[in-house]
Amino acid sequence: VQLQASGGGLVQPGGSLRLSCAASGIILSIYTVDWYRQVPGRQRELVATITSDRSTTYADSVKGRFTISRDNAKNTVYLQMNSLKPEDTAVYYCNAEQLRLSHNYWGNGTQVTVSS
């Protein structure tokens, strides 16, 4: 099983990025997928969640700016990040969880840096 996160990079404040979390070895559509972010020295923060039935929730700090979505045909979950702020700078991780199967998988991190 592998979750491959990608799409990070350097962007100016106000810019946009789209992160991808591509799964192999599992059918991602039956999993709840979360995006987390972490800054060195701080706890990992839950940013957004999408369930298997496409219900979504967001941290207050990103509501109205970030959108989580899934493409089941591509076995991928996305995080569209708009109006980026310097405080969004972090390493972003995706996590896939299926409670009934007791499965929990983490992807690699992808660095997002928002700076002028």
Worksheet entry | Candidate set: segment 25-50, residues that are more than 13 Å from His103 (Cβ to Cβ) and part of a loop (DSSP other than H, G, I, E, B); chosen: the one least open to solvent (accessible area, probe 1.4 Å) | Val39
Worksheet item: What are the residues in segment 1-19 that are out of contact with any Leu (no Cβ under 9 Å at 6 or more places or on another chain) and in a strand (DSSP E or B), if any?
Response: Gln2, Gln4, Leu10
Discussion item. Condition check: open to solvent by less than 20 Å² (accessible area, probe 1.4 Å) and in contact (Cβ under 8 Å) with a residue 24 or more places away in the chain. Does Leu10 satisfy that?
Written reply: no
Response to the item:
Checked against (1) surrounded by fewer than 18 Cβ atoms within 10 Å (Cβ to Cβ); (2) of a type in the set (Gly, Ala, Ser); (3) out of contact with any Phe, Trp or Tyr (no Cβ under 6 Å at 6 or more places or on another chain), Gly109 satisfies every condition except (3)
Worksheet item: Before we move on, is Ala22 part of a strand (DSSP E or B), of a type in the set (Gly, Ala, Ser) and under 22 Å from Ser115 (Cβ atoms)?
Response: no
Discussion item. Take the conditions closer than 17 Å to Ser6 by Cβ and open to solvent by 70 Å² or more (accessible area, probe 1.4 Å) and apply them to Lys74. Does it pass?
Written reply: yes
Worksheet item: Scanning for something in contact (Cβ under 8 Å) with a residue 24 or more places away in the chain and more than 17 Å from Trp106 (Cβ to Cβ), does segment 49-58 turn up at least one residue?
Response: no
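The values are calculated or read from the model by the stated rules, or taken from the named source; none is laboratory data. If you're wondering where the values come from, they're calculated on a predicted model, not measured in any experiment. Neighbour counts are summed over all protein chains in view; Cβ atoms, including those assigned to glycine, are modelled from backbone coordinates with ideal geometry. Only protein heavy atoms, including side chains, enter the accessible area calculation; ligands, DNA and RNA are left aside. Shrake-Rupley method; radii C 1.70, N 1.55, O 1.52, S 1.80 Å.
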